[in-house]
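Peer 1: Dropping a structure here in structure tokens format, bear with me for questions.
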Amino acid sequence: MESKKYLEDISQIKDLMNRSSRFISLSGLSGILAGTYAIVGALIAHFYLIPQQGGYVILHSWNFKMIVGVLIAVAILSLVTAYLLTSKKAKKNNEKVWDETTKRLLINFLIPLVTGGIYILIKLNSQHYGLTASLMLIFYGLALVNAAKYTIGKVRYLGYLQIVLGLICAAMPGYGFWFWVLGFGLLHIIYGSLIYFKEEKA
């Protein structure tokens with residue numbers, strides 16, 4: 001009996017330590033919706049903004065500005081959705097949305113992401129368009145892996161998949177759009193579904 005109580009105490013201490021060092025209230029549903037937003041945005045870009053028959057989008061063209069606008073809209077929708085759903089989950093778990101852990105999470109996530117964004121803009125300004133999708137996937141994956149130590153561990157595996165997908169994309173020029181849809185759309189939906197149905201619905 002005492003041994004069982006001891007194990008329960010150890011488990012509770014471990015849980016408290018985990019909660020104090022990791023932000024565990026990320027919402028799986030927000031991942032599903034982020035993937036959905038990405039797919040919808042990609043479809044809009046594909047059918048209305050990207051030149052057909054293998055054409056390229058020029059950096060200073062109207063189409064490019066509209067594509068950037070779509071990407072920004074997808075990002076804003078994803079961030080707002082993530083914040084609202086994560087806040088709701090954090091409140092349910094009696095966690096703070098903003099504390100030292102979430103601050104470290106955000107910093108570690110943004111460093112690779114911002115670095116990658118600047119590098120991509122430099123490449124675009126040099127009219128090197130071919131690796132844009134692969135670079136987005138790779139740097140996003142690196143950002144997830146870098147931030148994973150401050151949140152649920154499964155985020156790391158999503159990051160690994162994004163990096164691998166980005167590398168494959170780099171080796172297969174001409175298919176960047178579809179790899180982007182697969183990485184930012186489908187993988188997010190699959191990852192979010194796993195989290196949502198396995199942990200949040202359990």
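Peer 1: Which one of these does I122 not meet: (1) among the hydrophobic types (A, V, I, L, M, F, W, C); (2) loosely packed, with under 14 Cβ neighbours inside 10 Å; (3) under 14 Å from the mean Cα position of the chain (by Cα)?
Peer 2: For I122, the failing item is (3).
Peer 1: Taking the range 70-80 on its own, how many of its residues are among the aliphatic types (A, V, I, L, M) and either surrounded by 13 or more Cβ atoms within 10 Å (Cβ to Cβ) or outside any helix (DSSP H, G or I) (or both)? Reasoning before the result, please.
Peer 2: Kept after step one, since they are among the aliphatic types (A, V, I, L, M), are these residues of the range 70-80: 70-77, 79-80.
Narrowing further to those that are either surrounded by 13 or more Cβ atoms within 10 Å (Cβ to Cβ) or outside any helix (DSSP H, G or I) (or both): 70-71, 73-75, 77.
Looking only at that region, the number is 6.
Peer 1: Here is a follow-up. Listed residues M136, M172; which is in contact with a helix residue (DSSP H, G or I) (Cβ under 8 Å, 6 or more places away or on another chain), free of Cβ contacts under 8 Å to residues at least 12 places away in the same chain, over 22 Å from G28 (Cβ atoms) and of a type in the set (A, V, I, L, M, F, W, C)?
Peer 2: Details: M136 fails: free of Cβ contacts under 8 Å to residues at least 12 places away in the same chain.
Only one candidate qualifies: M172.
Peer 1: Testing Y83 on (1) of a type in the set (F, W, Y); (2) farther than 21 Å from G185 by Cβ; (3) exposed (fewer than 15 other Cβ atoms within 10 Å of the Cβ), one condition comes back false. Which one is that?
Peer 2: (2)
Peer 1: Let me ask another. Failed condition for I72, given (1) over 25 Å from I195 (Cα atoms); (2) in contact (Cβ under 8 Å) with a residue 24 or more places away in the chain, with all others met?
Peer 2: Checking I72 against (1) over 25 Å from I195 (Cα atoms); (2) in contact (Cβ under 8 Å) with a residue 24 or more places away in the chain, the one that fails is (2).
Peer 1: Which pairs turn up if I take residues in the range 107-121 that are within 12 Å of M136 (Cβ to Cβ) and look for partners that are aliphatic (A, V, I, L, M) with beta carbon separation below 6 Å, at least 6 apart in sequence or on another chain?
Peer 2: Correct list of pairs: P112/L142; P112/A143; L113/A143; I120/L135.
So that you can scan it fast, the table gives a plain yes or no per residue for (1) within 23 Å of T115 (Cα to Cα); (2) aliphatic (A, V, I, L, M); (3) at pLDDT below 95; (4) buried (at least 21 other Cβ atoms within 10 Å of the Cβ):
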position	(1), (2), (3), (4)
G130	yes, no, yes, no
F139	yes, no, no, yes
A148	yes, yes, yes, yes
L167	yes, yes, no, no
M172	no, yes, yes, no
W178	no, no, yes, no
Y191	no, no, yes, yes
I195	no, yes, yes, yes
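The values are calculated or read from the model by the stated rules, or taken from the named source; none is laboratory data. Computed from a predicted structure; not experimentally measured. We place every Cβ from the backbone using ideal geometry, glycine too, and count neighbours over all the protein chains shown.
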